[in-house]
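Have a look at the structure below before the remarks.
The values are calculated or read from the model by the stated rules, or taken from the named source; none is laboratory data. What you are looking at is a predicted structure, and each value in this text was computed from that prediction instead of being measured. With ideal geometry, Cβ positions are generated from the backbone for all residues, glycine too; neighbour counts draw on all protein chains shown. When the accessible area is computed, the model is the full protein with side chains, heavy atoms only, and any ligands, DNA or RNA have been set aside. Shrake-Rupley method; radii C 1.70, N 1.55, O 1.52, S 1.80 Å.
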Amino acid sequence: MSSAIESIDHRGLPALRLVTREGARALVTLFGGQVLSWVPAGGREWLYVSEKACFDRSQAIRGGIPVCFPQFAALGPLPKHGYARMREWRLDEQRAPRDFTQVTLSLEASPEELQRWPHPWRAELTVSLAGNRLDLELEVANPGAAALEFTAALHTYLRVDEVEEARLEGLYGHEYLDATRGGEVRRDSGDVLRVEDEVDRIYRDVTGALLLRDGERALGIHGENFADVVVWNPWEEKCAALADMPRDGFRHMLCVEAAAAARPVRVEPGEDWWGRQTLVAL
Ligand code: TA6
């Protein structure tokens, strides 16, 4: 098999199927610029998509890797998690040389969005698939005349067999804002993060790599230029309140997000910024 990119229809949405020579696969929808599936070569699916996710563009797709931009969560005046996850991205470039496949999508502020939030921006998302590795790079340019300030996240829904058995390593000792306690600042005790209740945290200034253990498999997670890591699991009650999640959905997902949330990113006129999340199946 050689590396390839195929344009397909996925549940009524235009999408791209990426494959590599070694057998890694990924699926990206143009709606949301959203990676919905990633199977590393010789491995199993690492992304969670809810079986009740909606694909009719009336709401964001629950799962995969939504792009939250130009606002993370409700940290500003825009709709929750910004505009990008509800917009149709454009395919700008695709490459499938021998050992990897890569697509670049782009999006810019619409006239209606500019009326509500008068800060022009242009975003590019590059998805690169190779062997056991998936890279997402978000680049944001400021074509305007004033500084652009935004928050953002790659809101990665990871699939786990049973979340109570999963272990997330690498956040020990980091301070976090606990959204389940009104944003209270707390610090981790314990060497691994276990999810046994609702978790909604912004870990600040995380520079090292994280390791997620899920049964016999493990995933390396690394962010660059995204200062924060958000960890989210809605747990039983909040999951039941989400119409696009099955009741036991929270047991099979854990969001580990590369984010710029605690402090906005500032981009001067004519400048740009990039941030990346890398997932490596081990
Ligand atoms: O990233 C965590 C978070 O901001 C949570 O507070 C939770 O609400 C989640 O995102 C999902 O948001 P959504 O709008 O997709 O339901």
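Tabulated results
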item	result
Residue list for the stretch 264-275, filter: in a strand (DSSP E or B), open to solvent by 30 Å² or more (accessible area, probe 1.4 Å) and away from the ligand (no atom under 16 Å from the Cβ)	Arg266, Asp272, Trp273, Trp274
Selected residue [aliphatic (A, V, I, L, M) and more than 16 Å from the ligand (Cβ to nearest atom)] from Ala60, Ala24, Ala73	Ala24
Phe250 open to solvent by less than 60 Å² (accessible area, probe 1.4 Å), out of contact with any Leu (no Cβ under 8 Å at 6 or more places or on another chain) and within 15 Å of the ligand (Cβ to nearest atom)	yes
Residue list for the stretch 60-81, restricted to those being within 24 Å of Gly249 (Cα to Cα) and open to solvent by less than 70 Å² (accessible area, probe 1.4 Å)	Ala60, Ile61, Arg62, Gly63, Gly64, Ile65, Pro66, Val67, Cys68, Phe72, Ala73, His81
Subset of the stretch 223-237 that is surrounded by 19 or more Cβ atoms within 10 Å (Cβ to Cβ) and in a strand (DSSP E or B) - its residue that is farthest from the ligand (Cβ to nearest atom)	Gly223
Hits in the stretch 238-247 - residues which are more than 10 Å from the ligand (Cβ to nearest atom) and either modelled with pLDDT under 95 or part of a helix (DSSP H, G or I) (or both)	Cys239, Ala240
Test: Glu257 is under 30 Å from Gly144 (Cα atoms) and touching a strand residue (DSSP E or B) at 6+ places or on another chain (Cβ under 9 Å)	yes
Candidates Val231, Val192 - the one that is β-branched (Val, Ile, Thr), out of contact with any Phe, Trp or Tyr (no Cβ under 6 Å at 6 or more places or on another chain) and modelled with pLDDT of 95 or more	Val231
Residues located in the stretch 170-201, provided they are aromatic (Phe, Trp, Tyr) and either open to solvent by 50 Å² or more (accessible area, probe 1.4 Å) or over 21 Å from the mean Cα position of the chain (by Cα) (or both)	Tyr172
